[in-house]
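One structure is given below, encoded as structure tokens.
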Amino acid sequence: MSRKLDRATSAIDVVIIGAGVVGCAIARELSRYEVRVVVCEAAAEAGQGGASKANTGILHAGYDPLPGTLMARLCVRGNALYDRICADLGIQIVRNGTLVVAMSVEERSHLDELLQRGLANGVSGMRVLTRDELLALEPRLNPKADSALFAGTGGTVEPYEVTIVLAENAAVNGVEFLFESPVRGIRSVRGSWEVAIDRRILQTRFIVNAAGLFADDISAMAGAGDFTLYPRRGEYVLIENQLDYEVHRPVFQVPTTRGKGIVVSRTVDGTIIAGPTADDGDDKESTATTTDGLARTLAGARRSVPMLDSRHVIAQFVGNRAVMKERDDFLIEIGAPRFVNVAGIKSPGLTAAPAIAEYVVGLLGEEGLKLRKNVDFVAENATEMLFRCCSAEQQERMIAGDPSFGRIVCRCECVTEGDVVRAIRRPAGARTVDGVKFRTRAGMGRCQAGFCEPRVVDILARELTSSALAVTKCGPGSEILVGNLRPEGGHNA
Ligand SMILES: Cc1cc2nc3c(=O)[nH]c(=O)nc-3n(C[C@H](O)[C@H](O)[C@H](O)COP(=O)(O)OP(=O)(O)OC[C@H]3O[C@@H](n4cnc5c(N)ncnc54)[C@H](O)[C@@H]3O)c2cc1C
């Protein structure tokens, strides 16, 4: 009997609750060992349920968190781990530094504070730039800028890509993902845990609570610690890149007590992103954008890049930070025997995620989880370049081998039917229109899915052998089609 089958039929060792970037990073890290891991996720796919798909995508250097905090330590370590992870998993990464811009002599003193903090946290490659040096690096910035802190180890990734690819690699290495499986209850029974999801009860020895903004509810269910999380909304705009306001790296303003201010940055795919606002609320699930948020984001962004033009706005979105009432640091600790809380993972949680994973596996080991190396662990994902990223010769070969690579599904982003099919067929692959979008960029371009959505719906229905009416944007309740215009099902509406 193969080792993989052994693992699949054995009892569950660890249930991870939440498939955001933190849960997926932990799942992948655990898959380096011979442990049976099941991830329960409320949403339809990895990275769709919380902050991991809706953030700025910045790899923070680590000058921001206070020295001595877990946040500072795991941010710097996580940042350093990204090069290896991105190389292994084929994740796009741009590491050309970040800037914090001071607009006045008064603000300049804050740069020195950040520099000292960064040095205390062990961040390398930082220096303060004069106005001329800054404008040579980023000519479209406000000419009234005074100076800036440059942090060379900063960079950008696509946060949803990181999350999805970590999940897919964990799945390749034997981790089981249960999507649309919100955890409803947890109880301790004679040295193990029972986890109730909609369709069944899972028995596991260890639990990792990586439920993002809902980690307080999960902890309360298990009697594993009392803390409160509330959402701090952050609104963003995505803007078509134009020469007049092109930036090449994240440009921060001097931070305040409420956060790092409005950032103007460039995603790894070249779109300009501006945001986030910072508004405390109590609705953890509210992701509706507002005209007020749009106005404040643009006004804040224009402080750094005056030429930003609202006529080129492509899309708006909201991400909710998981802010903990009781402390201003990550809470990663044993909440009850064999139960690890991973809570309050606000920014820089994306950066820190790989280091959080290492740290959590260490805690599980201390709690008694046997960590024997999985000799079958595969660190790399099979390379499957998207059609548009291939050379003309490669593209010709792809079409010759499979004509579906010759059929364009998304014109704006040059995504082919073959790309979409691959995205669906991968382990822990796409199940929704957003899942296809986040894996291929189909629907992310100027027309915002006007052309490709019906085609993506058809391919999903065909590949998942379901009706087109059952295909959703991002899980139950977000069905795209409402019925057939013809009773025999000729055309969907
Ligand atoms: C506006 C904003 C900007 C940010 N910018 C950056 C940045 O530039 N760089 C950076 O490093 N960090 C940034 N962050 C922080 C980063 O996004 C988060 O730290 C990170 O995404 C947290 O990941 P997570 O897995 O803990 O949470 P989430 O991504 O929220 O995942 C939690 C998952 O748990 C699931 N879940 C919840 N309840 C249950 C349940 N009962 N049963 C099953 N599943 C459940 C949810 O559906 C969700 O998928 C930003 C955050 C925000 C909001």
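The values are calculated or read from the model by the stated rules, or taken from the named source; none is laboratory data. Keep in mind that what you see is a predicted model, and the values were worked out from it rather than measured. Backbone-built Cβ (ideal geometry, glycine too); neighbour counts: all protein chains shown. With ligands, DNA and RNA removed, areas are computed over all heavy atoms of the protein, side chains included. Shrake-Rupley method; radii C 1.70, N 1.55, O 1.52, S 1.80 Å.
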Flag if Ala61 is part of a loop (DSSP other than H, G, I, E, B) and either at pLDDT 95 or above or within 13 Å of the ligand (Cβ to nearest atom) (or both)
yes
Among strands (runs of 3 or more DSSP E) lying entirely in the range 93-167, which contain 2 or more residues that are open to solvent by 10 Å² or more (accessible area, probe 1.4 Å)?
126-130
Please specify each residue of the range 189-215 satisfying the condition of being among the β-branched types (Val, Ile, Thr), open to solvent by 10 Å² or more (accessible area, probe 1.4 Å) and more than 9 Å from the ligand (Cβ to nearest atom).
Val189, Ile201
What do you reckon, is Arg266 open to solvent by less than 30 Å² (accessible area, probe 1.4 Å), touching a Ser or Thr at 6+ places or on another chain (Cβ under 9 Å) and not polar (S, T, N, Q)?
no
Tell me which residues, restricted to the range 223-256, are charged (D, E, K, R) and open to solvent by 20 Å² or more (accessible area, probe 1.4 Å).
Asp226, Arg232, Arg233, Glu240, Asp244, Glu246, Arg249
Touching a residue at least 40 places away in the same chain (Cβ under 8 Å), open to solvent by 10 Å² or more (accessible area, probe 1.4 Å) and within 7 Å of the ligand (Cβ to nearest atom), is that true of Thr69?
no
Which residue is farthest from Pro427 (Cα to Cα), if the candidates are limited to the range 168-184 and must be open to solvent by less than 20 Å² (accessible area, probe 1.4 Å) and not β-branched (Val, Ile, Thr)?
Ser181
Test: Arg296 is open to solvent by 20 Å² or more (accessible area, probe 1.4 Å), of a type in the set (Lys, Arg) and farther than 16 Å from Gly234 by Cβ:
no
So Ser188 passes all but one of these: (1) of a type in the set (S, T, N, Q); (2) closer than 29 Å to Gly90 by Cβ; (3) not in a helix (DSSP H, G or I). Which condition number does it fail?
(2)
Would you tally the residues in the range 355-398 being of a type outside the set (Phe, Trp, Tyr) and in a helix (DSSP H, G or I)?
20
Out of Ala299, Ala352, report the one residue that is among the aliphatic types (A, V, I, L, M), more than 10 Å from the ligand (Cβ to nearest atom) and in a helix (DSSP H, G or I).
Ala299
Failed item in (1) within 13 Å of the ligand (Cβ to nearest atom); (2) open to solvent by 40 Å² or more (accessible area, probe 1.4 Å); (3) under 19 Å from the mean Cα position of the chain (by Cα), with Ala220 passing the rest:
(3)
Please state which one of Arg439, Arg422, Arg446, Arg431 is crowded, with 19+ Cβ neighbours inside 10 Å, part of a loop (DSSP other than H, G, I, E, B) and in the same structural domain as Glu396 (by TED's automatic domain parsing).
Arg431
Looking for whichever is at pLDDT 95 or above, away from the ligand (no atom under 13 Å from the Cβ) and in contact with a strand residue (DSSP E or B) (Cβ under 8 Å, 6 or more places away or on another chain) here; the options are Arg338, Arg321. Which one fits?
Arg338
Scan the range 32-52 for residues that are more than 6 Å from the ligand (Cβ to nearest atom) and surrounded by 24 or more Cβ atoms within 10 Å (Cβ to Cβ) and report the count.
6
From the list Ser310, Ser391, which residue is assigned by TED's automatic domain parsing to the domain that holds Pro276, open to solvent by 20 Å² or more (accessible area, probe 1.4 Å) and small (Gly, Ala, Ser)?
Ser310
In the range 344-375, what residues are of a type in the set (Gly, Ala, Ser) and under 16 Å from the mean Cα position of the chain (by Cα)?
Gly344, Ser347, Gly349, Ala352, Ala353, Ala355, Ala357
Go through (1) within 14 Å of the ligand (Cβ to nearest atom); (2) free of Cβ contacts under 8 Å to residues at least 40 places away in the same chain; (3) more than 26 Å from Cys24 (Cβ to Cβ) one by one and return the number of the condition Glu285 breaks.
(3)
Since Phe330 meets every condition but one in (1) surrounded by fewer than 17 Cβ atoms within 10 Å (Cβ to Cβ); (2) over 27 Å from Arg446 (Cα atoms); (3) not aliphatic (A, V, I, L, M), which condition does it not meet?
(1)
Going residue by residue through the range 172-188, is there one that turns out to be over 30 Å from Ala379 (Cβ atoms) and more than 10 Å from the ligand (Cβ to nearest atom)?
yes
Can you tell me which residues in the range 79-92 are within 13 Å of the ligand (Cβ to nearest atom) and under 21 Å from Arg266 (Cβ atoms)?
Asn79, Tyr82
